Amino acid sequence: MSQTTEWDRVVEGARVCFMPGPDHKPETADNIDAHLTLADGTRRYATFMTTDEIGRILQRWARTGEVGGGRYFWCSDLVIIPRPGVEAMVAALGEMIRSGDLDVMLSKLEDGAA
């Protein structure tokens, strides 16, 4: 794996472009989207979150009444990681690519998709 920018990575031949918000830091990010471009040119999308972040969201929704008062959490292409940080996300992606699970876990991005 080689680092190309503070947020972009190459893992198992795939280029990963994380899409941070203004307050995100690579070592503490716990809720971030990413686009992957595989060696064959296929593009996929992922949302990475920790269980702590999901808990915070559910608690906030319980207070605000959103999503039925926080009765559930759902997110397509979600990858739950055990700890915050880009390196935990990259480790998960590496395993998903090596095992072949990526093909069933993450949706393909069509041409022209952001």
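Each value in this text was obtained by applying a stated rule to the coordinates, not by laboratory testing. The structure presented is a predicted model; accordingly, all values stated were derived computationally and were not measured. Here the Cβ positions follow ideal geometry from the backbone for every residue, glycine too, while neighbour counts run over all protein chains shown.
Structure data summary
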{"read-out": "Farthest toward positive dipole pole in the chain [+1 Lys/Arg, -1 Asp/Glu at C-beta], among A92, A14, L58", "value": "L58"}
{"read-out": "For the stretch 11-114, the Rg and Dmax computed from alpha carbons only, in angstrom", "value": "14.6, 45"}
{"read-out": "The chain - mean residue ellipticity at 222 nm from DSSP helices (-39,500 (n - 2.57) per run, n ≥ 4, rounded to 500)", "value": "-9500 deg cm²/dmol"}
{"read-out": "Cα-centre dipole for the chain with unit charges at Cβ (Lys and Arg positive, Asp and Glu negative), debye to 20", "value": "300 debye"}
{"read-out": "Calculated from backbone phi, Karplus (6.51, -1.76, 1.60) coupling profile of the stretch 48-54 in Hz, x at Gly/Pro", "value": "9, 8, 8, 5, 4, 5, 4"}
{"read-out": "Long-range amide H partners of A29 with built H, under 5 Å", "value": "G85, V86"}
{"read-out": "Radius 14 Å from Cβ of G85, net charge of other residues (Lys, Arg +1; Asp, Glu -1)", "value": "-3"}
{"read-out": "Rounded to whole Hz, the Karplus (6.51, -1.76, 1.60) HN-Hα couplings of the stretch 26-41, x for glycine and proline", "value": "x, 7, 10, 4, 10, 7, 8, 8, 8, 10, 10, 10, 7, 4, 7, x"}
{"read-out": "10 °C / 1.306 mPa s Stokes-Einstein diffusion coefficient of the stretch 14-57, Kirkwood radius on C-alpha pairs, µm²/s", "value": "138 µm²/s"}
{"read-out": "Karplus (6.51, -1.76, 1.60) ³J(HN,Hα), θ = phi - 60°, over the stretch 60-74, in Hz, Gly and Pro reported as x", "value": "4, 5, 4, 6, 8, x, 5, 6, x, x, x, 6, 7, 10, 9"}
{"read-out": "Acute angle (nearest 10 degrees) that the helix 86-99 long axis makes with the longest principal axis of the chain, alpha-carbon atoms", "value": "60 degrees"}
{"read-out": "Long-range amide H partners of L109 with built H, under 5 Å", "value": "R43, R44, Y45"}
